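Asks: I'd like to ask you about the structure that follows.
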Amino acid sequence: MMNIIMATNNSFLPKSSDMYELIESFLQAPTYHLIFEALLIIWIFKLIFFSTEYRPESVLTEKEKAELIEEWQPDPLVPDVDENHPLLQAMEKNIISGKPDKYVMINNKSSLNMATLNFLGMAGNAEVEAAAIKTLKKYGVGSCGPRGFYGTMDVHLELEEKFAKFMYCEEAALYSYGFATIASAIPAYSKRGDVIFVDEGVCFSIQKGLVASRSRIKWFKHNDMEDLERLLLIQQDEDKKNPKKAKVTRRFVVVEGLYFNHGDICPLPKIVELKWKYKLRLFMEESFSLGVLGANGRGVTEHYNISVDEVDLIAASLENSIGSTGGFCCGRKYVIDHQRLSGLGYCFSASLPPMLATAAIEALNIMQNDSSILQRLRENCRKMYDGLSMISGVEVMGDPLAPIKHVRLAEISDNRELDMQTLQRIADHAMENGIAIVLARYLEKEEHKLPPPSIRISVNCQLTENEINRVVDVFTNACRSVL
Amino acid sequence: MAGKTKPKNGMNGKTNGINHCYQNGQNLQNTPLKDTFIETFEETPLSTAILTYLGYAVLVVIGHIRDFLRSLGIEKIKSCTEPKLQGYVSLYQSWESFYTRNLYRRIRDCWNRPICSVAGAEMDMLERVSPDNGWNFELTGKKQHVLNFGSYNYLGFAENKGPCADAVEKSTMKYGVGCCGSRQELGYLEIHKQLDELVAKFLGVEAAATFPMGFATNSMNMPSIVGKGCLILSDELNHSSLVLGSRLSGASIKTFRHNDMEDLENKLKNAVVFGQPRTHRPWKKILIVVEGVYSMEGSIVRLPEVVALKKKYKAYVYLDEAHSVGAMGPHGRGIVDYFGIDPKDIDIMMGTFTKSFGAAGGYIGGSKALINHLKLQSHGSIYSCTMAPPVTQQIISSMSIIMGADGTNEGQKRVQQLKWNTRYFRRRLHDMGFIIYGNKDSPVIPLLIFMPSKIAALGRECLKRGLGIVVVGFPATPIIESRARFCLSAAHNKEMLDKALGIINEVGDMLSLKYSRTIPPSFSEKDVELLLVVLNVMLMMYLKRMTVVTRPVLASPHCVQATLVL
């Protein structure tokens, strides 16, 4: 073995006559060549052995470092919060005892609940509760695992199938939390380098999904299709200039069916038209239109009589009309299946407690079997809209059909704080008179575009004519006394 | 210190053999933990690593060939693929879909297995068949009763009977199923306040706030704590929710090597000394983000050292106890309890209710100022509805049981059972010759499989013999560290453990999975520590009966052991 190596090695070494020639040629080489080679060798040596010497880190001695560490004072973990912050106090004051139903008990006083987003009265529905308890007796409460690791129960599959069927979609994926649904769905598809066109009025969970995606965000004015088209044309020009990049840039448009922050409906027909014209993929968040719009509660697509297939992905929370917890995404199978491996909130979170899944199934059954509740909700929404628009000094925003009514001051001052206080006084006044209403809350510094202050009234399908009149009366009186 | 590096000779940089931890021991020479903190990692044998890479290479080559055949139309496409739309850019990156199509699809049956019972010590699994090798699945309608070593049911509270279920039923009648309102608007129920207070008491912190999803507890709250100009020092193996939360916060993120305190100290020191890159302004805050028990590694954070470093460099600590709360510590109060550390030394105590409490959701505990700040500024308290009342009640009931507030020692029994189970199971697996990762007390037990084909083989063979386990491979783990994971539960009894061990042993021999070449570590489930806990409990109960109000001196068994060891 050694011999072989020696033999092969020998063939690479110059034989004695070759060696002589080598030395000869070395001596004959021009001087500048030799100097150049020597310099190169020195430079390589320097790179190898002395490179670390020139790091700026070594400028500081250990003692100096210790002093710097001693000197450094970090900011406090959180800023000082006043123990008597009005919001904290309000939170303590507005604690509900018992069910958050049509009437709620706050401070031992029964008030008409116009604040929780329980549009169809599913929270507090006895049949839904019975279904949940039945599941509790079979499955317990927690699922104790993510969907991948034994957290998939037959009721989850049933709920997904039910929703897919209900929405006329191929597939649905169930999430265990409403907020995480769209916030996980967007970054599953849109990556760094992609472009997302978004309405300025979208809710906070969409905004977080956009941040997580790290894509380029183009904001268009709320429900302004001309502005959207303007941005699309700019993008088209850019794409023409750089066709190589355009070939790998996915383009999305994200809208809400019924805007939570505004109470109006998106112009879906126009959006679908633009979608096909400019080759966009359309994601729609329907948390507030599911179970509200359309004859059967299928949301905006049914409202405009547009096929669901025109929308690439529909996401909705189960925490409003359905009155449970969680959310789902639905659409074509090739779109939705991707989330089962790439939706962070889907893969890495424990699945929805089975009893909440059956509660959602039951709520959906009730909704499908009795579409009169949707009819009643629509009537109530209209009546409430008409009543509230009569009040002077305030303005009702949004669509008459929307179950969330943002009531704003007719004259908005420059001082947001002051407006909030005025509205809070109106809300307090109403609360004293047995109508529970609250201000719409936002993280003021973090919202992309902060909506003006408003009182958000949510309409329940169970309200009677008398109750609606009472709400309007109390509100009128409150406005009169405050404004 | 900087010059010293750990001895590494493995393919994957794992410390070889048994790691009696604290290699940079000077920090903790005087702590009693030195002898009790046993963590084992073993290098991937070179030949196995080569074979594993080879295995993946073969899969990739075959995948490409099949893709080529599919593009020619010779092989039928059995899945629904993305329709080609004129002018549209394909929705998925090509590698991503290549991996799912050609590698993941072959062994898809090992995941998402549907069950139709409580995820307790045993479960009923719905049988699935795939007529086309993993593209599609059909339920046959048959059930299989199997042992469950895959669910995070550490204290066995996944139950459909008993005091918890009864209380939940009552609460559902009283409060309903949903809340439909946020904490700041109108969705804060009495029962939520009760839970917040109980959690604070359980953790031993000033205040706590709870959120309906564990994942979102991290991702929604971290942005309200740190922001631009702050530095997050994050363990490289932190959970996806922590990574997402860090990213959403806008702070700079640096990772340190898993559980490597030297690396952490270096990075901390450099951060304080050199400040922000480019501007060299000092950082506003530095937040160290660690998990209590790492669910993929089975390791336990070296918390005493983290706390020491935090104090030395004035950083803050964010501790995610998702897998440790309930499961660790003599009182089931998590990793803080395990090390006998004052909870007030941890700035942000985070954890979930999914695992040990058999519910869902998460909490954050800490100073009153922190919690008030979160109540005002957290995304979770404004934009999303509050926790469902039945879930809330489940946590209240199970937590009360763990605390012994129900007047029984049921909680203590479960904590002890889990601890015994963990040690027993780990010791037996070590003795059989498997490569087992992690700490002797961690109820998550990873068993290394390495090769891609064995991932599926182990999962399927175990299921065939009536054992449901979790197997994980790339990309959830490094390529050459595919593993199976067992999650122990207090609901498992010795027969179940023995049956499971028997199955694992048999399948392990069949697939030649017994790779370990080191001497198994010596610890036992009958050590002095456990005995002392039992004594401690008895003493507590005795004192309670004597209506002595003061806390017994022997509050933490570690202290006792410390005195004994010293």
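The values are calculated or read from the model by the stated rules, or taken from the named source; none is laboratory data. Because the structure is a prediction, the values reported are computed rather than measured. Cβ coordinates were reconstructed from backbone atoms using ideal geometry, including for glycine residues, and neighbour counts include every protein chain displayed.
Asks: State all residues of the range B:162-200 that are more than 7 Å from chain A (Cβ to nearest Cβ), among the hydrophobic types (A, V, I, L, M, F, W, C) and either under 29 Å from residue A:112 (Cβ atoms) or not in a helix (DSSP H, G or I) (or both); if no residue qualifies, say none.
Replies: Result: B:191, B:195.
Asks: Regarding the range B:327-335, can at least one residue be identified that is farther than 30 Å from residue A:73 by Cα, within 14 Å of chain A (Cβ to nearest Cβ) and crowded, with 24+ Cβ neighbours inside 10 Å?
Replies: Yes - at least one qualifying residue is present in the range B:327-335.
Asks: Can you tell me which residues in the range A:429-444 are within 13 Å of residue B:382 (Cα to Cα) and within 9 Å of chain B (Cβ to nearest Cβ)?
Replies: Matches in the range A:429-444: A:438, A:439, A:440, A:441, A:442, A:443.
Asks: From the list A:215, A:176, which residue is of a type in the set (S, T, N, Q), under 26 Å from residue B:353 (Cβ atoms) and assigned by the TED database to the domain that holds residue A:151?
Replies: A:176
Asks: Here's something else I'd like to know. How many residues are assigned to a loop (DSSP other than H, G, I, E, B), of a type outside the set (Lys, Arg) and under 22 Å from residue B:339 (Cα atoms) when one looks only at the range B:420-460?
Replies: Result for the range B:420-460: 4.
Asks: Ok, one more. Quick check on my filter: what residues within the range B:232-252 are out of contact with any Leu (no Cβ under 7 Å at 6 or more places or on another chain), on the phi < 0 side of the Ramachandran plot and either within 13 Å of chain A (Cβ to nearest Cβ) or assigned to a helix (DSSP H, G or I) (or both)?
Replies: B:238, B:239, B:241, B:242, B:243, B:245, B:246, B:247, B:248, B:249
Asks: Hey, could you check the range A:152-171 for residues that are within 7 Å of chain B (Cβ to nearest Cβ) and in a helix (DSSP H, G or I) and say which is nearest to residue A:309 (Cα to Cα)?
Replies: Top of the filtered list is A:157.
Asks: Restrict the check to the range A:228-240 and report whether at least one residue is within 12 Å of another protein chain (Cβ to nearest Cβ), part of a loop (DSSP other than H, G, I, E, B) and more than 14 Å from the chain's Cα centre (by Cα).
Replies: no
Asks: For residue A:349, are the conditions met, namely being at the interface with chain B (Cβ under 10 Å from one of its Cβ atoms), polar (S, T, N, Q) and in contact with a strand residue (DSSP E or B) (Cβ under 9 Å, 6 or more places away or on another chain)?
Replies: So residue A:349 fits the description; yes.
Asks: Test of understanding: among B:433, B:438, B:459, which residue is surrounded by 22 or more Cβ atoms within 10 Å (Cβ to Cβ), at positive phi and not aromatic (Phe, Trp, Tyr)?
Replies: From the options B:433, B:438, B:459, the qualifying one is B:438.
Asks: If you don't mind, another one. When the residues of the range A:85-108 are narrowed to those that are touching a Gly at 6+ places or on another chain (Cβ under 7 Å) and surrounded by fewer than 22 Cβ atoms within 10 Å (Cβ to Cβ), which ends up nearest to the other protein chains (Cβ to nearest Cβ)?
Replies: Within the range A:85-108, the match that is nearest to the other protein chains (Cβ to nearest Cβ) is A:101.
Asks: Have a look at B:126, B:155 and point out the one that is touching a Leu at 6+ places or on another chain (Cβ under 9 Å) and more than 10 Å from every other protein chain (Cβ to nearest Cβ).
Replies: B:155
Asks: While we're here: Output yes when any residue across the range A:329-344 is in a loop (DSSP other than H, G, I, E, B), closer than 30 Å to residue B:81 by Cβ and touching a Phe, Trp or Tyr at 6+ places or on another chain (Cβ under 6 Å), and no when none is.
Replies: no
Asks: Here's another thing I want to ask about it. Name the single residue, out of those in the range A:260-277 being out of contact with any strand residue (DSSP E or B) (no Cβ under 7 Å at 6 or more places or on another chain), of a type outside the set (A, V, I, L, M, F, W, C) and within 14 Å of chain B (Cβ to nearest Cβ), that is nearest to residue A:378 (Cα to Cα).
Replies: A:261
Asks: Here's something else I'd like to know. Going through the range A:299-315 one residue at a time, which ones are buried (at least 21 other Cβ atoms within 10 Å of the Cβ) and touching a strand residue (DSSP E or B) at 6+ places or on another chain (Cβ under 6 Å)?
Replies: A:311, A:313, A:314, A:315
Asks: Hey, could you check the range B:201-214 for residues that are touching a Ser or Thr at 6+ places or on another chain (Cβ under 8 Å) and aliphatic (A, V, I, L, M) and say which is farthest from the other protein chains (Cβ to nearest Cβ)?
Replies: That would be B:205.
Asks: Considering only strands (runs of 3 or more DSSP E) fully contained in the range B:257-364, which possess at least 1 residues that are basic (Lys, Arg)?
Replies: Once the strands (runs of 3 or more DSSP E) in the range B:257-364 are filtered for at least 1 residues that are basic (Lys, Arg), nothing remains.
Asks: In the range A:402-428, what residues are β-branched (Val, Ile, Thr), away from chain B (no Cβ under 13 Å) and in contact with a strand residue (DSSP E or B) (Cβ under 8 Å, 6 or more places away or on another chain)?
Replies: A:407, A:422, A:426
Asks: Consider residue A:475 against the criteria (1) part of a helix (DSSP H, G or I); (2) aromatic (Phe, Trp, Tyr); (3) under 24 Å from residue B:380 (Cα atoms): it satisfies all of them except one. Which criterion is unmet?
Replies: That leaves (3) as the condition not met.
Asks: For the range B:235-248, give me each residue that is buried (at least 19 other Cβ atoms within 10 Å of the Cβ) and closer than 17 Å to residue B:300 by Cβ.
Replies: Answer for the range B:235-248, where residues must be buried (at least 19 other Cβ atoms within 10 Å of the Cβ) and closer than 17 Å to residue B:300 by Cβ: B:235, B:238, B:239, B:242.
Asks: Being touching a Leu at 6+ places or on another chain (Cβ under 6 Å) and either of a type in the set (Ser, Thr, Tyr) or closer than 17 Å to residue B:403 by Cα (or both), is that true of even one residue in the range B:337-348?
Replies: Yes, the range B:337-348 has at least one match.
Asks: I've got another one for you. I'm checking my understanding of the structure. Among residues of the range A:199-227 that are in contact (Cβ under 8 Å) with a residue 40 or more places away in the chain and not in a helix (DSSP H, G or I), which one is farthest from the other protein chains (Cβ to nearest Cβ)?
Replies: A:223
Asks: From the set of residues in the range A:54-72 that are part of a loop (DSSP other than H, G, I, E, B) and more than 7 Å from every other protein chain (Cβ to nearest Cβ), which is modelled with the highest pLDDT?
Replies: That would be A:61.
Asks: Given (1) closer than 25 Å to residue B:127 by Cβ; (2) within 22 Å of the chain's Cα centre (by Cα); (3) at pLDDT below 95, where does residue B:448 come up short, assuming only one miss?
Replies: Result: residue B:448 passes all but (1).
Asks: Still on this structure, please answer the following. Give all pairs with beta carbons closer than 7 Å in which a residue from the range A:330-343 that is facing chain B (nearest Cβ under 8 Å) meets a residue that is among the hydroxyl-bearing types (Ser, Thr, Tyr); count only pairs at least 6 apart in sequence or on separate chains.
Replies: If the second residue must be among the hydroxyl-bearing types (Ser, Thr, Tyr), the pairs left are A:334/B:81; A:338/B:92; A:340/A:346; A:341/B:100.
Asks: If a residue must be within 13 Å of chain A (Cβ to nearest Cβ) and at pLDDT 90 or above, how many such residues does the range B:463-477 contain?
Replies: So the answer is 7.
Asks: Moving to a separate point now. Could you list, in sequence order, the residues of the range A:136-150 that are at the interface with another protein chain (Cβ under 7 Å from one of its Cβ atoms) and not hydroxyl-bearing (Ser, Thr, Tyr)?
Replies: Passing the criteria: A:136, A:137, A:138, A:140, A:141, A:142, A:144, A:145, A:147, A:148, A:149.
Asks: Considering each of A:186, A:133, A:196 in turn, give the residue that is assigned to a helix (DSSP H, G or I), in contact with a strand residue (DSSP E or B) (Cβ under 8 Å, 6 or more places away or on another chain) and either at pLDDT 95 or above or more than 7 Å from chain B (Cβ to nearest Cβ) (or both).
Replies: A:186
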